[in-house]
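Student: First the structure, which I've put down as structure tokens, then a few questions once you've had a look.
The values are calculated or read from the model by the stated rules, or taken from the named source; none is laboratory data. What you see is a predicted model, and the numbers here were worked out from it, not measured in a lab. Cβ placement follows ideal geometry from the backbone for every residue including glycine, while neighbour counts extend to all protein chains displayed.
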Amino acid sequence: MFSALKALERLKEGNQRFVSGIRHHDAFHQARRSELISGQAPFAVIIGCSDSRVPVEIIFDQGLGDLFVIRVAGNVVAPSQIGSVEFATEQFGTRLVVVLGHTRCGAIYATLQQLQQPTENQSRNLYSIVNRIRPSVESLLETELKYNQEALAQQAVRANVRVSADHLRHGSEILEHMIQNDSLLVVGAEYSLETGEVVFFDGMPNTFNFPLK
């Protein structure tokens, strides 16, 4: 079982390989598939966005069985996502959870647009995603950022990640107990569509030896 710090290091190193164009993992290797038939032991849980440009295993250069991935538009955290994280941490002993947002997120743009120019005929199901993101970005519209849409969207992506990560930390007695006992770490990160780099920026331990941005 990987410690949270070791898992963070492995994700960081994998992303550095991805950015450099050097991949070590063959996600479809037949021998690896056979090894996993009897069980799995993912070293990290990733809650990421459904965006097709953010394939989690690829950007972290990991293979089959390495990551427990939960993908939903806007990387929002609802009860089903919390339950999935609880399952992974309890069943597989996974000690790291990453909430992964990304630049130019369509769900963020849609939420900001709805807040600034509301429409009445929006799908009820799509609106449920907007409502999950709304609390994390509403306050930004009360600042000078409202006059700079690009900067607003950039800040909104990170604000949404922070709120989602915090929801995981305090929205589950199971997860909260594990965090208090130093057996679980929940962090927030952002993937850059432009550079391919993942920056970890929320909830990082002071002892982690990679620079924060």
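Student: I need the full set of residues from the stretch 1-47 which are aromatic (Phe, Trp, Tyr), under 20 Å from residue 70 (Cβ atoms) and modelled with pLDDT under 95, in order please.
Tutor: The one that is aromatic (Phe, Trp, Tyr), under 20 Å from residue 70 (Cβ atoms) and modelled with pLDDT under 95: 2.
Here is a yes/no grid of residues against (1) of a type in the set (Asp, Glu); (2) over 13 Å from the mean Cα position of the chain (by Cα):
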residue	(1), (2)
143	no, yes
159	no, no
162	no, no
168	no, no
173	yes, yes
178	no, yes
189	no, no
197	yes, yes
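Student: Still on this structure, please answer the following. Can you name every residue in the stretch 18-62 that is surrounded by 16 or more Cβ atoms within 10 Å (Cβ to Cβ) and not in a loop (DSSP other than H, G, I, E, B)?
Tutor: 18, 44, 45, 46, 47, 48, 56, 57, 59
Student: Regarding the stretch 86-106, can at least one residue be identified that is part of a helix (DSSP H, G or I), at pLDDT 90 or above and on the phi > 0 side of the Ramachandran plot?
Tutor: No: zero hits.
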